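Here the structure comes first, spelled out in structure tokens, and everything after it is commentary.
The values are calculated or read from the model by the stated rules, or taken from the named source; none is laboratory data. Fair warning: this is a prediction, and the values are worked out from it, not measured in the lab. Because the Cβ atoms are built from the backbone with ideal geometry, glycine has one as well, and the counts that use them run over all protein chains shown. In case anyone asks, the SASA skips ligands and DNA or RNA and just uses the protein heavy atoms, side chains included. Shrake-Rupley method; radii C 1.70, N 1.55, O 1.52, S 1.80 Å.
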Amino acid sequence: AGAAGTGYVPAAGLVALLGSFSCVSFLLLGDDAITYGARDVRGLWAAAVSEKSAWAVDASVALFCGAAAVIYHGIVGDVFGPLVAKAAGRDDAATPTVLAVASLVLFPLCQLDIADLAKFSVVGCAAVVGTALVIALRALDGTYAAGGAFAAADAAAAAASGGRCGVSTRSLVLTANLGLAYVAHYNAPPLTRSLAKGGPTDDVRKKFRVVTLLSFTVLVALYAGVMAAGMATFGDGALPNVLLNYADGDALAYVARLATGASIIFGFPLVFCGFFDSALRLLPAGTRKTVSRPARRPVHGRSTR
């Protein structure tokens with residue numbers, strides 16, 4: 001596990017520190033986007049730095065969102081694969097599950113107007129909160145502790161070697177993982193526009209700061225809480241996807257896996273949109289005309305992730 005060898009206090013401190021850095025940089029990007037009237041990070045770079053080198057921003061966003069899309073597919077396999085394998089009586093069904101979900105669910109969703117998917121953001125948020133509550137409950141109810149109903153469910157479970165304040169070289173792994181956790185900065189300019197609605201610039205800045213500070217505060221609390229609960233339940237045996245640690249017979253964990261899968265599925269089009277738009281702008285102008293997506297309407301109140 002990425003948190004192995006790291007105590008609860010240093011781990012929570014890393015979550016808060018990196019979350020603070022990410023929040024400040026997100027605020028700065030949004031503030032500049034309002035100043036320059038930029039619609040996206042490429043437009044912001046072109047206005048503030050140089051149009052000639054703006055392609056580098058598109059390349060960066062395309063690479064990041066493309067990598068995130070691959071990770072999303074991996075989570076789909078982790079979450080739904082064991083469920084499908086159990087239902088089909090197979091040892092492993094991750095690959096066919098990923099292919100089926102990608103072709104039958106993710107691809108059609110990515111063809112929709114992003115504004116039409118905004119309503120599902122509530123479902124995604126509820127799924128994340130529900131999953132966090134299940135992880136916290138299992139850390140507190142003793143189900144996986146010695147003598148609990150699922151005590152032998154995870155043979156790899158072990159005491160957290162980091163204790164309360166321990167630090168080790170493995171803490172660098174946790175730092176790297178957290179460095180990715182808060183990245184949604186390519187959404188800062190679009191968010192400022194969704195909050196504008198023709199209002200005064202000062203009001204837009206104020207709304208943007210409130211939404212950003214609230215969002216990152218919730219993220220820090222959520223990440224720290226889930227990480228601490230996972231460490232308390234499984235110690236150094238906690239897997240990168242802690243839901244895989246829970247027993248197949250744990251009904252609440254089963255529901256949590258489904259909820260996580262739902263949040264990934266409905267969040268995927270936003271990541272794909274970032275990849276597609278940036279990658280498309282890297283293509284020659286003549287080639288772009290042959291590739292199209294549904295016209296998108298402005299999305300008001302869309303989350304930063």
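Is it the case that residue 113 is modelled with pLDDT under 85, of a type in the set (Asp, Glu) and farther than 30 Å from residue 195 by Cβ? Steps first, please.
Values: modelled with pLDDT under 85: yes; of a type in the set (Asp, Glu): yes; farther than 30 Å from residue 195 by Cβ: no.
Criteria not met by residue 113.
Specify which of the listed residues (285, 279, 262) is modelled with pLDDT of 90 or more and either among the aliphatic types (A, V, I, L, M) or touching a strand residue (DSSP E or B) at 6+ places or on another chain (Cβ under 9 Å) (or both). If you could, list the steps in order and put the result at the bottom.
Working: 285 fails: modelled with pLDDT of 90 or more; 262 fails: modelled with pLDDT of 90 or more.
Among 285, 279, 262, only 279 is modelled with pLDDT of 90 or more and either among the aliphatic types (A, V, I, L, M) or touching a strand residue (DSSP E or B) at 6+ places or on another chain (Cβ under 9 Å) (or both).
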Breaking point among (1) modelled with pLDDT under 90; (2) farther than 21 Å from residue 270 by Cα; (3) open to solvent by less than 40 Å² (accessible area, probe 1.4 Å), for residue 200: (3)
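Hey, among 299, 220, which residue is farther than 23 Å from residue 73 by Cβ, modelled with pLDDT under 85 and open to solvent by less than 50 Å² (accessible area, probe 1.4 Å)? Walk me through it before giving the result.
Numbers: 220 fails: modelled with pLDDT under 85.
The unique qualifying residue is 299.
Does at least one position in segment 88-107 carry a residue that is small (Gly, Ala, Ser), surrounded by fewer than 16 Cβ atoms within 10 Å (Cβ to Cβ), more than 24 Å from the chain's Cα centre (by Cα) and at pLDDT 90 or above? Outline the logic, then answer.
First, pick out the residues of segment 88-107 that are small (Gly, Ala, Ser): 88-89, 93-94, 100, 102-103.
Next, from what is left, pick out any that are surrounded by fewer than 16 Cβ atoms within 10 Å (Cβ to Cβ): 88-89, 100, 103.
After this cut, where a residue has to be more than 24 Å from the chain's Cα centre (by Cα) as well, the list is 88-89.
Retained after the next criterion (residues that are at pLDDT 90 or above): none.
Checked against the condition, which is being small (Gly, Ala, Ser), surrounded by fewer than 16 Cβ atoms within 10 Å (Cβ to Cβ), more than 24 Å from the chain's Cα centre (by Cα) and at pLDDT 90 or above, segment 88-107 yields no hits at all.
Yes/no per residue for (1) under 23 Å from residue 101 (Cβ atoms); (2) among the aromatic types (Phe, Trp, Tyr); (3) open to solvent by 10 Å² or more (accessible area, probe 1.4 Å); (4) without any contact (Cβ under 8 Å) to a residue 40 or more places away in the chain:
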position: 205; (1), (2), (3), (4): no, no, yes, no
position: 210; (1), (2), (3), (4): no, no, yes, yes
position: 242; (1), (2), (3), (4): yes, no, yes, no
position: 253; (1), (2), (3), (4): yes, no, no, no
position: 264; (1), (2), (3), (4): yes, no, yes, no
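Answer yes or no as to whether residue 159 is within 18 Å of the chain's Cα centre (by Cα), among the small types (Gly, Ala, Ser) and at pLDDT below 85. Walk me through how you get there before you give the answer.
Working: within 18 Å of the chain's Cα centre (by Cα): no; among the small types (Gly, Ala, Ser): yes; at pLDDT below 85: yes.
Judged against the criteria, residue 159 is not a match.
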